[in-house]
Amino acid sequence: MALKRIGAQTVKLSNPPSIISTASIVGPKEGEGPLKDYFDIILEDDMWGQESFEKSEAKIQEEAIKLAISNANLSPNDIEYLFAGDLLNQIITSSYSARQLNIPFFGLYGACSTMTESLSLGAMIIDGQFADKVVCATSSHFSSAERQFRFPLEYGSQRTFSAQWTVTGGGATVLSSTGNGPYITYITTGKIVDLGIVDVNNMGGAMAPAAIDTISQHFKDTGYNPVDYDLIITGDLGLVGKKIILDLLRKEGYDLSENYSDCGIKIFDGVEQDTHAGGSGCGCAAVVFNGYIYKEMMKRNLNRVLLIATGALHSSISTLQGESIPGIAHAVTIDNMIS
Amino acid sequence: MDKMNKKEYQKYVERKVPKPTYFKNILYAFVVGGIICVFGQIIRNFLLKYGLDEKSVAAGTSIVLIFTGAFLTGIGIYDKIGKIGGAGAAIPITGFANSIVSPAMEFKREGFIFGVAARMFSIAGPVLVYGVGSSVIVGILYLILTKGR
Amino acid sequence: MEYIKVFIVGGLICVIGQIILDTTKLTPAHILVIFLTSGVILGAVGLYEPLVKFAEAGATVPISGFGYALSKGAIEGAKSKGVIGAFLGGLEATAGGVAAAILFGYIMAVVSDPKTKN
């Protein structure tokens, strides 16, 4: 009997795990953005002394994980599972960062939805009493993503207004079976939704239907209403996705205009930093959650947050073959109180 | 979401996407493209003054322009020209050089054979394939059509 | 006067490319292939030649001018050496540019590193 399931896609955790520490590391551009005061480490150079962008990204993720663990006054030996993923082919970033850490490792691929995918699985593992302490982490790097998915850095091309800017950064969260919150209370796992968008320069438009599907299902399953949340925040839908979310959810009877935001919009100043539709990448939701949201929750400025990281699950090969972009969105409720 | 089918959604999204700044883009493409061509003409006139024949002048002009495009790419300037000029920076032969150097330098860490040398033509390769291929066809067609007469 | 003609013709060719870029989903790589092939075809049917006479570098510096040089070379090769000439001519006429692209491209790639954008 699956006693913890409520509704079609949601679980209610009966022993909600507590977030006992987080860490966020960002690149120089993110460190100039509106959220700069919330990040633990801001790099001066996005190579971070490494020979390649890929190695730099692996170091960012590894250091974020180590920092989160030490912020909790623990050592890697105390961690029972590591859940991590990233954007690069065969998730090499996560494998190379896990290689240094000696923690039992589950590698995940959820593209930019990896932050909530890892939090979902980590929280369920703890709630199911399979572990007491787990780490959930993800990262992305502008330059390693750009060369894999788009054009070389020095290639003189123009970006469209719907294009987004991959965040250079990594975030890690330590979940524990004991602690004083904030807690992960509900998990709504998304389904793939693909409404046929093929334009890789319009990720917001491609992923928005998945986010809408997950958010409205979350309200149906839990009985929560939008007003029950202090903040409802998607991962990286950007400005185009935000318009779609507000518009289409209103048509379904959910008014999010008061408390909705998007990590990709929050992390950059779109006009000053010329990021067009906003930030994107696994690191986007990761650093905004582990930096901004967690710290605001600790200060009690936010008490209940719905985080919906969104992923575009295409590859550079599927794009060349003209396939549309499968979208996914996983929602996690983070609450300062447990009833 | 069930109420909207794929076609309707794609049309709907199309309306939500901000339109490019057409006028500004066209103006900048015109100016940047024009300036690069004038630069080419200056080189051409310079070489003509040295009494080179037409074939050498044409080749010399391309060589200097390609060097310039490659150099500006290497020192990290051509991508900025491209961001402003768009097609005005891509279509001149300097843009062709940019499309060769930018992937080559990006993939240096993958080695000098499979990295630099193999990636050099990731964008320029198709250009040469279609250009050289179609020119041979043009030459042969010319023979067929003129022999027929 | 000469430079004004060059500027306007060269600029206008780029404007056509910009309009295609902004109104379709084609990438700059597509535009390069389209313009080059157009140059080959327009050169073959004799429509590009007058533009080159009129605007010189304004017509030869854009990649379509490279296509024009290819087809002109191929036709001249075919005239003088027949079928073999059709194969030789295009590349012969453009060999300088291609060799320069390979050599300078390689050297610049080896001596410089890509920088992250801001």
* **Karplus (6.51, -1.76, 1.60) ³J(HN,Hα), θ = phi - 60°, over segment A:46-51, in Hz, Gly and Pro reported as x** => 6, 7, 6, x, 9, 7
* In a GNM of chain A with a 10 Å cut-off on Cα contacts, which of A:Ile317, A:Ile19, A:Ile212 has the highest mean-square fluctuation? -> A:Ile317
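Please average, across the residues of B:112-123, the number of beta carbons from any other chain that are within 10 Å of each residue's own beta carbon, and give a whole number.
Values: counts 3, 0, 0, 1, 4, 4, 0, 3, 5, 3, 3, 8.
Per residue, the average neighbour count from other chains is 3.
Over all residues in A:196-205, what is the mean tally of Cβ atoms on other chains that come within 10 Å of each residue's Cβ?
Values: counts 6, 5, 2, 5, 1, 3, 5, 0, 3, 7.
The shielding value for this peptide is 4.
Any idea what the relative contact order of chain B is, in percent, if you count C-alpha pairs under 8 Å spaced at least 6 apart? Working shown, then result.
Numbers: 111 pairs, mean separation 29.0, N = 149.
Worked out over chain B, it gives 19 percent.
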* **Protein heavy-atom accessible area occluded, B/A pair - total, 1.4 Å probe, Å²** => 2900
* Coordinate range along principal axes, alpha carbons of chain A, Å, largest first -> 55, 48, 36
* Short version: ³J(HN,Hα) in whole Hz for each residue of segment C:10-22, in order, from phi by Karplus 6.51 cos²θ - 1.76 cosθ + 1.60 (θ = phi - 60°), x for Gly and Pro, what are they? -> x, x, 5, 4, 5, 4, 4, x, 5, 5, 5, 4, 7
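Considering only chain A, what is the antiparallel percent among its DSSP beta bridges, to the nearest 5? Before the final figure, lay out the partial values.
Details: 37 of 57 bridges.
Antiparallel bridges: around 65 percent, rounded to the nearest 5.
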* Structure fact -> Looking at segment C:92-106, residues buried by 20 Å² or more relative to their chain on its own, accessible surface at probe 1.4 Å, turn out to be C:Gly96, C:Gly97, C:Val98, C:Ala100, C:Ala101, C:Ile102, C:Phe104, C:Gly105, C:Tyr106
* Asked: Could you state the number of Å between the C-alpha centres of segment B:69-141 and segment A:159-233?
  -> 39
* Asked: In Å², what does the accessible area per residue of chain C work out to with a 1.4 Å probe?
  -> 45
* **Residue among A:Val174, A:Val288, A:Val193 with the largest mean-square fluctuation in a Gaussian network model of chain A, springs linking Cα atoms under 10 Å** => A:Val193
* **Estimated distance in nm for a label pair at B:Ala117 and B:Ile75, the labels positioned 7 Å out from Cα along Cα-to-Cβ** => 2.9
* Structure fact -> Share of accessible surface on carbon and sulfur in segment A:1-124, whole %, 1.4 Å probe and ligands ignored, is 49
* To do: Please provide three numbers in whole Å: the alpha-carbon extents of segment B:6-106 along the principal axes, with the largest listed first.
  => 64, 31, 22
* Asked: So what's the gap between the Cα centers of segment A:95-124 and segment B:28-67, to the nearest angstrom?
  -> 55
* Simple spin-label model, 7 Å along Cα-to-Cβ: A:Asn303 to A:Asn77 in nm? -> 4.2
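Calculate, in nm to one decimal, what B:Val129 and B:Lys83 gain on full extension: separation in residues at 0.36 nm each, minus their alpha carbon distance. Don't jump to the answer; show the numbers that get you there.
On the way: separation 46, 0.36 × 46 = 16.56 nm, distance 2.66 nm.
Computed gain between B:Val129 and B:Lys83 is 13.9 nm.
Two decimals is fine: what's Rg over Rh for segment A:25-125, C-alpha atoms, Kirkwood radius as Rh? Provide the component values of the computation, followed by the final result.
Working: Rg = 13.8 Å, Rh = 14.4 Å.
We get a ratio of 0.96 for segment A:25-125.
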* Asked: Hey, what's segment A:6-148 come to in accessible area per residue, 1.4 Å probe, Å²?
  -> 37
* Residues with amide H under 5 Å from that of A:Ser261, placed H, sequence gap 5 or more -> A:Ile232, A:Ile233, A:Thr234
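Just to be sure I understand: if you take the accessible area of chain A alone plus chain C alone and subtract the pair, with a 1.4 Å probe, what total do you get in Å², rounded to 100? Present the calculation step by step, with values, prior to reporting the outcome.
Details: alone 13780 and 8430 Å², together 21200 Å².
For A against C, buried area totals roughly 1000 Å².
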* To do: Kindly report the accessible area of chain B per residue (heavy atoms of protein chains, probe 1.4 Å, no ligands, DNA or RNA), in Å².
  => 50
* Name the most mobile residue of C:Gly39, C:Gly58, C:Gly11, meaning the one with the largest mean-square fluctuation, in a Gaussian network model of chain C with Cα contacts below 10 Å. => C:Gly11
* To do: Return the FRET efficiency for the residue pair C:Asp113, A:Asn336: r is the Cβ-Cβ distance, R0 is 56 Å, and the value is rounded to the nearest 0.05.
  => 0.75
* Across the Cα atoms of segment C:2-111, what radius of gyration and what greatest pairwise Cα-Cα distance (Dmax) are found, in Å? -> 15.3, 44
* Rounded to the nearest Å, what's the spacing between the alpha carbon centres of segment A:22-91 and segment A:283-339? Just the number, please. => 17
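Please list the three semi-axes, largest first and in whole Å, of the ellipsoid equivalent to the protein assembly as shown, using sqrt of 5 times the eigenvalues of its alpha carbon gyration tensor. Could the numbers behind the result be given before it?
Values: eigenvalues 570, 118, 78 Å².
The equivalent ellipsoid of the protein assembly as shown has semi-axes of 53, 24, 20 Å.
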* To do: List every residue whose amide H lies under 5 Å from the amide H of A:Gly181, counting only residues 5 or more places away in sequence or on a different chain, with H placed 1.01 Å from N in the peptide plane.
  => A:Ile19
* Chains C and B: what accessible area do they bury, summed, in square angstrom to the nearest 100, with a 1.4 Å probe? -> 5500
* To do: Express the relative contact order of chain A as a whole percentage, based on alpha carbon pairs under 8 Å and six or more residues apart in sequence.
  => 25
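The values are calculated or read from the model by the stated rules, or taken from the named source; none is laboratory data. Predicted model only: the values in this text are computed from it and were never measured. Every residue, glycine among them, receives a Cβ derived from its backbone with ideal geometry; neighbour counts consider all protein chains shown. All accessible areas refer to the heavy atoms of the entire protein, side chains included, with ligands and DNA or RNA removed. Shrake-Rupley method; radii C 1.70, N 1.55, O 1.52, S 1.80 Å.
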